[in-house]
Each structure stands twice: as structure tokens, then as C-alpha cells.
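What follows is one structure encoded as C-alpha cells, with my remarks underneath.
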């Protein structure tokens, strides 16, 4: 005979797939034993957790035992993965867990808690339709009735958020009609601002009813609910005056958790920028700020209240502000009225955790706010037990330069950004306290702009499950449908950037538009017609038969929906009061786009536009760039978007140039796209070039010397591949090579000689030829950079995709001492020297302080796609190693420089590093006949004075020297007189000692060739005394226009192998040419 009946009632949590209790109630045969009832609710989200989370984020089941006889009961909790076989749920023995036996009961109910170690039972795999049931036990033979309690989907946050394809934001009254409309609307996510006004009916019971959906036995219609929290504003203060805030006790006796004052003293607030009272915006310093609570003004307020640098916004401000800034008082949000706060101050998160709606205090003008614990847990205040948080008011953290004294809501609080990431979103805030909570942040678009290094570098995406793009196209203005400049900027600039970050970090992007008017009746084409949100969707009326104002508004929303579809946002449209429940977006998208489109590539380069109304650059489809390394290739591509988010990517590669056979495919999603965005190619540091990209991936295990071919495809969540490459893939080659070794250039002149073809580039890459690059930058696309050393020069050999003009836009910054504390410090180089517009400069003091050292020798062919520069090593101080940064077309504007162009694959570098090499010699025996045969190509070469010598009508440009065991050979090239006469001189300093021989100030020559005669010096140094040697000691020949070839016997000039001689070539009495030093080789 049964002594009692167990009825289990589940109070469902929105993170679960839920099923109402299916309890079979049997009749009692013992009137003396009344019904015992167990009510159960899961008090934390049953979301799949990581092992690290399992120790700190237990999945609680709350239950009440109600029994008229107040008997002690035991509890059994079971789960099933297949609905048939049930296993015992593993308890986690921690504080708060009430155990499994001797559980008290009473006629009114006793609450208990079961801590379920779901990680131990379910592991790390996503699980769907997990059945949980309970039974009460009196003794070994007397059990209550077993009932299926519910079925859950245990999913990781990323999987779950991407199932939220239809959502709404509703801040209105949650009466029975609203609840019914939400449940019947097919929504799977609700964002709500919990209101302390009881007439809004924001109760635990109403919210739980919504979470179950229309069919409580069907998990597919469950609704996830997120509660509103304000990150940078204190909503509790929006009704308070500054004086009232200080008048309320720090710990109000009736409400212990709202505190607005912090006592007197220097450590009280409000606080301002720790960089100084008049600090200007500076992206590069944001990452270095460690003073998260700022500089306290000492006027009694909480330290997290803020006071910025706009000291001129008093009562006479022009334009007037709703809340003029008062010295030493907290600044207010001009739109909503609350005090601005610093989320990076740990005290703010601590206070917001504890605040509740019950603290609403009308006499003291304190507005009641649901804090983190009341929203997420069961134990604080109303215990709403929602799935997570919708974080608003992030734009307060925007760069200081984005607002000024004339702005409607001026703020200078960028300094709070780093602390916000750590103490609000990160381990010191939401992710530390609620690791499994869902988090969606509104706007804060600057966090996704790569050029804003201080914001972007903090990677807010790592903390988010979703981002809401409010006012993506239509905004909440009372007077206009959409600001077209902002709308264009949002769709062309912001959308690709935020979608790239969503794909990198795995969060989903939602968008919100508005339909509203300035009055209750239509007001022409600027009226956002409420009819669009009420009543059944009527395509013909909107398109053709409705009033003109309705059709005008519909036309705007068609533009909005086109962009929403392209981006892959989950979209909703409401009024500025967010008080409607409608299916306008869903109906419109279904009518306008019955077929699901494939993803398509976009471009993240748009932000370089100077005006948001400019048309964007062409989309960058497929693979954009392939860079070879040692046994690897790094490929780069831009973002793709589409209606089936999330978009993922495939890299296809192989040795077949058409990629039709023998290929390998690598599938990439947010788990392996990496966090090193925009930095590998041309987009490091604070500037991102037109040839920088959000995504890159390294393919390893490749064979050096073998050419591989690569392509990238985008794929929607429905499996469709991108439409951009349906007619043919963008395929780029790359050939892995071992790292280049330091090369010695045997020729002391810039020119396209045989050496360059044999060298491995210090940097090389292949670009997509279809890339849409602005005209000023086309010459700056470097295909490769090679470096080589000669005795005299450092050679820099550049090849570019188009002609390169050496002008004021062309820079090479040179760091010769590796010291970043001196010189001109820029992008990882402390430049001691700089080449600009073909001239070399030396840094004379830290900063932009330069002294000219003259022009640099250079060579270009007619098409100017190859550039060879020769930098004099003597002028550089003959360092053993140096670093280079090469840039073109204005680094600050375009970022097209090798600080971002050349990198080791891992870790990322910021410059070209080079160590100098030495000449290895080698004997050669050219024929002295006036021609330039192949042996001269690998001889030592020298660049002579490039200016013409009017006294002899010759221009000696280059000198080559080599030797064999008997002769030393010289080749002079340039514009040569037809006849070798006495205007032609070659001075030879045989002992390489300028203080001996003829003219110690210039030559120090022991031997001289004049015309065709070889002489030995017999004078004392200053006099012209020479003795002719036998002609058998020399050979000489000329082609009569461009070459003179000489041979001089070793024995005639007392030379021996290993000795170094110095040679000068002079025309008549003209200026002396460069002194070429040559060491005789015995090999």
C-alpha cells in the first residue's frame, strides 16, 4: 500500500530544453497520510561546462519538500541520455548541497538544494534531450511515485547562441497577453529590462512561464531570457540629484546594498583619468593603465563615479546639456540621467551584483535595479534565474577623440577600458562569477576596429556570446528614418569588422532597428509608420496600395533587411520604447528573400575611406595573399558573410596548379581562426593597410623548394560555399624555402646582375591580382625584398607589383644599434638613419631630428618594378647588423610598410633584421679585349662617381676588379671617350696606405696608369715624379664607347696574394672617383 504520493513541479530555467511535469497521481488509501509534494527548479544554467568551470559553477537543483506529517525523506536523482536507461546523478559534495538523506519537510515546505556534478555525468560533449527525474524515499521499501521531470539540451554557450535566430527586445508590461504573444511568436530569445514597477508584472513566475515556450513538452520552443545591466551608468541614480546622492547614508538601513557616497577624504570619488587632469586621448597608453579606479577627486562619492575633462560644460554651455557638468560632481548620461561609472573599478561590479529591485525607494528618489545575482541566481531578491545578461551603455568607453564639448553626450572615459575588460567582463567580473552565463553586449563598435589598438587589442570578443548592433540602419530618432551617412558607415565599415571578430571568437551578432514617429499620427515620409509593426504582414499594401508615407518607410526597411540578410544578423524592429511584440522582421525577410543565399566575401578595408558616404572598395573574394616560410606557407583572406551564420572557411591546397586533384582541405571555424588578426601582412600595430586581412592560417609540413597552390572558400552553416568563386577559384602559389643566409654581393654597384636571381628573399609574398587597392598605394605592394652586403654597400633589392617612384613618400628606417630608447622610434625600430626620397639622413636627437648625409645610389629598369638601393656602410658606421623598416605612400595613412609586411611565422616580428656577410673571393681570368664576358659578372665591383666629367667628356660609372695568379684585371664601364689618351688615369695605392706615395691627401699612389703607359712613383709625395715601366707589364683595350679593360702584372706593382690595394679611376683633372679597395685572392 502506498503511504504518500510524490508530485514534482519543475520551475524551469531558460538555458534548458524543458518539459513540464508528467506526474501520475494515484489515490491514497491511507487518509492519515496526506500528499507529500516535491517542487524542483534548476538554479543555474544547465549549459555544458569546461572542467575548470565545473569546480566553481555547480548546476544546482532547488526543491521543496511539503509534507503534512513533516517526515524526513531521502531523495534519488536520475538522468537518462536515451529516455530509457536511467543512471544515478552524481552529487557534488560542496557547501550548500543538502545531501541525499534525512531531508526535512513541513506542511508549508522546506527548501533544499542538490548540487549536480553534470560534468562528471555528461562529460564535455554537447548533449540533447537529457531526461531528469526524481523520487522521494521514506525507507528501503517505501518509495514515492517516479515522474519524468524534464528534458534538457546541455549545450556549450557557442552552440546555443547560434541557435538564437529569432529574438525580441521587450521592455513593456508583461501581462498575460504579452506572455501569450511572446510564447506564440516563435522567438527563442528575449532581452528584458526588469522594472521595479509592479504594474509591469516582471515576476519570477511570468518569466519562467515564458521560458517554457508554447509547448512545455517540446524542447524546441524554449526561450532564452537575458536581463538588462548597465555597464557604464548607474541607473539607480537617474532620479537623484547630486546633493541627494550624498545625503543618503552609505549603507541605507532599509536597503543595505545601494551606496552612493564613500565618506569624506582624498580617496573618495568621483574619479578621473589617471593619466592626468587634462589627458588627451591616446590609444597606445590604454594597455598600460593599471590604475583601474583612476585619480580620486575626494568629494565623498563612490570611487567608481566619473568626472571627465570637459570643465566648460556649466550652466552656460553652448549647446546646452541636459546635465551640465558641475565641478567635482559625477558626470551624468545626458540621455538617461544616471551617473557615469567606471566598470573597471572592482567596487562597481561588487555593488551591482547585490543590488535588487526591492531597493526601489521613492521617497529618496532611488531607482530599483536588478543586479547580476538577482538576474542570474535563485538566491538573491526575486531570484529571476535568467540565462545571462544583456550589457548596455558601452559607448561611454569610446575613444576620447570621438566626442567633444559640442557633443550631445560628451565623454572622456577611454581610460576605463582595460579595467573594464579585467574587472567587469573578465575573471574579476562576469566570466569569473558566472562562467556559464550568456553575455550579449550592445554596440561598443570601437572594440572591433583594428586601427584603435588600445580598444581592439583587449579583444572584448573573448568574453562575449553575442553582440547587439543597435541602430544598425534605422535608428531611434523621432524625426528621421535613418541617417544615411551613419547607415552607410555601419554597413560598409562596421559590419565587416564586427563580423570578422564574431567569426574569430564565435559570438553571434544581433541587430536592432526602430520604427517610430514624433507624433501619434503619420507625419509624412519622415514618420516611421507604426502600422508596419501592427496587424498582419501585408506586402501588397506596403509595396503598392498603402499610403505614400507607409510605402516610403517600407522602402527604407527593404534597404535595412537587405543589409541584415547580407550580414547574417538576427534582426528585430521595435519602437523607441521597445514595447511591441511583432513578427515584422521575420515576415519581411520571408517575403523578400524566399531562397537562402550563399555567403559572399566582403572587405575590411573600408574604414580607410575619409567619408562614410563614399562607396566601399570592391569585395576581396577568396585568397588574398600567400607568404612562404621555412617548410610552411601562411595564407590570408578577408571576411565573408551570409544569411546562414556562422560562416566558416576552407583552405584548399596542393601541388596541382588548378587544385583539381591531390588536394588537402583544412576546415576552419572560430576555434582555430586564431587571435592574431590584421597583423601578419601589412596591418600591425596601430595602422592597418589595404593589404591587411582579418584572418590568416599557417600550413606546415611542406617541402622546401616545392611550389604549392592555395585557395580559400567560405561556407555557410547550411553547407553552401561562397558565390564569389563559383566561376573559378582564386589560386595563389607559394614556394617554401629555408631561411635566407647573409649574402655577399661581389659587385659594388646597384644593378640587376646575376647575383640577385640566386638569393632567397628576406621577404616574399604573392597577392591576389584582383585586389582593389587605392591608386596611391599600388606601387607600394612589395612582392619581395632581398638584402646583400658588399665591402662598401648594403644593397636593398625590391620588387613591386607596380612601378615604384622614389619620392618623399618612400622611407627606409634603419636601426643600427638595436636600441629602441634612442633615435626615431617607430613600429619596433629605433631608427638611427633614414632614407627618404633617395637621400640618407642620420638621427641627431630622439624624435624627428635628422642631418642629411647625401644621396643614395640607386638603380631601376624602365618599368620601375625593380629598385636596387646602395647604402654606404661607412656612412652607417659599419654596423655588424641592423634592422630595416620599409614603407611607401604614407605609413600613418595606409600602413603599407614592412613592419607589417615581413614577419617570421611564429612569433610575429616587426622588421627586417640583417647581419652583414664577407666576400669569399675566387680567381678569374677574363680576356682583355674590351668586352664584358661572364667572368666579370661575379667579380668584385664598385660604384664610381656618377656625375659626368666635363674636362674629358667621360663618365666612369663602375669599376670591377679581379685577379688570377699573374695578373690583376680592371674593368671600367660608363660613357668612355673613343680613344684612350692621357686624360685617362688609374691610381694604385699598392700598400693601401694613403700616407705614402703620391698625394697623401687624395691618392697615396705608388703606381699610375696614364693613357696606355704604366708608371711607378719616384717622388717624395707632393711632386709629380714618375718612371715608366715596360709595356709588357700591362694590357689595355677599349670598345671605344662604354668599356676599358686593363691587365697589370702582380710583379710590376709588387703585389702578392692576400694584400689589399686601393684603386682610383680619374678622368683628366676632374674630381677623384671612389677609392676601391681590393684584396688579392690566391684561390
Legend entry - Kirkwood Rh and Cα Rg combined as Rg over Rh, evaluated for the stretch 366-415: 1.22
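Between residue 404 and residue 996, what FRET efficiency follows from the Cβ-Cβ distance if R0 is 60 Å, with the result rounded to 0.05?
Values: r = 73 Å, r/R0 = 1.21.
Efficiency, from the Cβ-Cβ distance: 0.25.
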Inset, instruction - At 0.36 nm per residue, minus the direct Cα-Cα distance, what do residue 129 and residue 875 gain on full extension? Give it in nm, one decimal, please. - result: 261.0 nm
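Pop the C-beta distance of residue 597 and residue 576 into the FRET formula with R0 = 41 Å and round what comes out to the nearest 0.05.
Values: r = 31 Å, r/R0 = 0.76.
Efficiency, from the Cβ-Cβ distance: 0.85.
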Inset, instruction - Run the quick spin-label model on residue 184 and residue 819: label points 7 Å from Cα toward the beta carbon, then report their separation in nm to one decimal. - result: 7.9 nm
Inset, instruction - Rank-order 662-668, 1011-1017 by packing density, defined as the average count of other C-beta atoms within 10 Å over each peptide's residues, highest first. - result: 1011-1017, 662-668
Inset, instruction - Obtain the nm distance between the two label points defined at residue 933 and residue 1028 by a simple spin-label model: each point lies 7 Å from its Cα along the Cα-to-C-beta direction. - result: 3.0 nm
Legend entry - Shape category assigned to the stretch 617-738 from the gyration tensor of Cα positions, a/c cut at 1.5: oblate
Legend entry - Global size of the stretch 395-515 as Cα Rg and Dmax, reported in angstrom: 14.9, 43
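With 10 angstrom as the radius, rank 1050, 119, 447 by how many other C-beta atoms surround their C-beta, starting from the fewest. Provide the component values of the computation, followed by the final result.
Values: 1050 18, 119 22, 447 25.
Fewest-to-most Cβ neighbours within 10 Å comes out as 1050, 119, 447.
Once the Cβ-Cβ distance between residue 587 and residue 163 is put in as r, and R0 is 25 Å, what FRET efficiency do you end up with, to the nearest 0.05? Working shown, then result.
On the way: r = 21 Å, r/R0 = 0.83.
E between residue 587 and residue 163, to the nearest 0.05, is 0.75.
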Inset, instruction - Using all C-alpha to C-alpha distances in the stretch 841-889, build P(r) with 5 Å bins and read off the rounded percent in each one. - result: 5, 13, 18, 29, 19, 11, 5, 1
Inset, instruction - Just grab the label-to-label distance for residue 703 and residue 203, each label 7 Å out from Cα along the Cβ direction, in nm (one decimal). - result: 7.5 nm
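Starting from 0.36 nm per residue, how many nanometres of slack lie between residue 981 and residue 672 once their C-alpha separation is accounted for?
On the way: separation 309, 0.36 × 309 = 111.24 nm, distance 7.33 nm.
This chain segment gains 103.9 nm when fully extended.
How much length is gained on full extension from residue 663 to residue 802, taking 0.36 nm per residue of separation minus their Cα-Cα distance?
Details: separation 139, 0.36 × 139 = 50.04 nm, distance 3.20 nm.
This chain segment gains 46.8 nm when fully extended.
Quick note: the coordinates plus some simple rules give every number you see, no bench work behind them. None of these values were measured; they are calculated from a predicted model. Here Cβ is always computed from backbone atoms with ideal geometry, including for glycine, and neighbour counts include all displayed protein chains.
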